[in-house]
Amino acid sequence: MRFISEFSKETLSKIGYYVYLYSDPDTKEPFYVGKGKGNRVFNHLKDIGNNKKANKIQELEKEGKKPLIEILAHGLDEENALKIEAAAIDLIGINNLTNEQRGHHSSTYGRVEVSNLNARYSVEHISRLDIDENVILIRINQNYRNDLKVNELYDVTRGIWAVDINRAKTMKYAFAVYYGLVVEVYSIATWFPAGTTYSYRIDKVEGKFAKRYEFVGNIAPEEIRNKYINKNVSSLFKSGNQNPIMYIEKT
């Protein structure tokens, strides 16, 4: 196998957008997934920055080796390249790669359990009248991933929020809402100042917690979860409203 550092003009004229892999030449295990066009795939060989991908390539260079570079798919337009990149990252697992973030549109088009996908496109919309309990709706659009573990979903839902604490304390349940879809329901035990309870999250920044709160609780009883999970509540949020918090007060 001959190592190359650029495509021929003929190749460039035919391959369009593509998705590529960088792998360890010995184990054949991928360590980076990317998308691009032209000679983008080779640019990483010149990266002298201090990041996991560049460090891996530099380590191979010190051993007199070159990364195995493969094209996973080609002849694509940019939108499909983005989707395939996201799917490949989700399949391999971001923790097994040197990628700093998951693929574009990954939360929308990436790896997802079949019942969740079905619910996303054939959802039942509910209104305030369909909700019988005091509920706080929490939009987690920025932090949600389809592969979140149970404890991770709990942590990104319960904090860190600028809530009306007196009002929040009257809420019995919390809905984790991702782009209008209820993905989990929690029973709220109580609220604490943000940052004062144990969390798996690693995005805690000094000074971020001023006048913010987090709740502790448990996954709601099954009859409550069955009533609300995979239901669409997007109509409850006014168009243009960016506030991630909404209160439904029934008592």
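Does Ala210 meet the test of being at pLDDT below 95 and either open to solvent by 50 Å² or more (accessible area, probe 1.4 Å) or touching a helix residue (DSSP H, G or I) at 6+ places or on another chain (Cβ under 7 Å) (or both)? Yes; evaluated as a whole, the condition is true for this residue.
If you scan segment 16-52, which residues turn out to be among the charged types (D, E, K, R) and buried (at least 19 other Cβ atoms within 10 Å of the Cβ)? Show your work before the answer.
Step one: list which residues in segment 16-52 are among the charged types (D, E, K, R), which gives 24, 26, 28-29, 35, 37, 40, 46-47, 52.
Listed by number, the list holds a single entry, Lys35.
If only one of Val150, Val156, Val177 is more than 22 Å from Pro193 (Cβ to Cβ) and open to solvent by less than 20 Å² (accessible area, probe 1.4 Å), which one is it?
From the options Val150, Val156, Val177, the qualifying one is Val177.
Residues of segment 30-47 include at least one that is touching a residue at least 12 places away in the same chain (Cβ under 8 Å), more than 29 Å from Asn146 (Cα to Cα) and not in a helix (DSSP H, G or I). For segment 53-91, enumerate the residues that are open to solvent by 70 Å² or more (accessible area, probe 1.4 Å), part of a helix (DSSP H, G or I) and out of contact with any strand residue (DSSP E or B) (no Cβ under 8 Å at 6 or more places or on another chain). Residues satisfying the conditions are Glu59, Glu61, Lys62, Glu79, Leu91.
Of all residues in segment 36-51, those satisfying the criterion of being charged (D, E, K, R) and modelled with pLDDT under 95 are Lys46, Asp47. Residues of segment 110-130 that are among the polar types (S, T, N, Q), under 19 Å from Phe175 (Cα atoms) and over 19 Å from the mean Cα position of the chain (by Cα): Ser127 alone. Condition (residue is out of contact with any strand residue (DSSP E or B) (no Cβ under 8 Å at 6 or more places or on another chain), in contact (Cβ under 8 Å) with a residue 12 or more places away in the chain and closer than 29 Å to Tyr32 by Cβ) applied to segment 113-123: is it met by at least one residue? Yes: one or more hits.
Only one of the numbered conditions (1) modelled with pLDDT under 95; (2) open to solvent by less than 20 Å² (accessible area, probe 1.4 Å) is not met by Ile94, and that is (2).
The values are calculated or read from the model by the stated rules, or taken from the named source; none is laboratory data. Predicted, not measured: the structure shown is a model, and the values here were computed from it. A quick note on method: Cβ atoms are made from the backbone with ideal geometry, for glycine too, and the neighbour counts reach across all protein chains shown. Just so you know, the surface numbers come from the protein's heavy atoms only, side chains and all, with ligands and any DNA or RNA stripped out. Shrake-Rupley method; radii C 1.70, N 1.55, O 1.52, S 1.80 Å.
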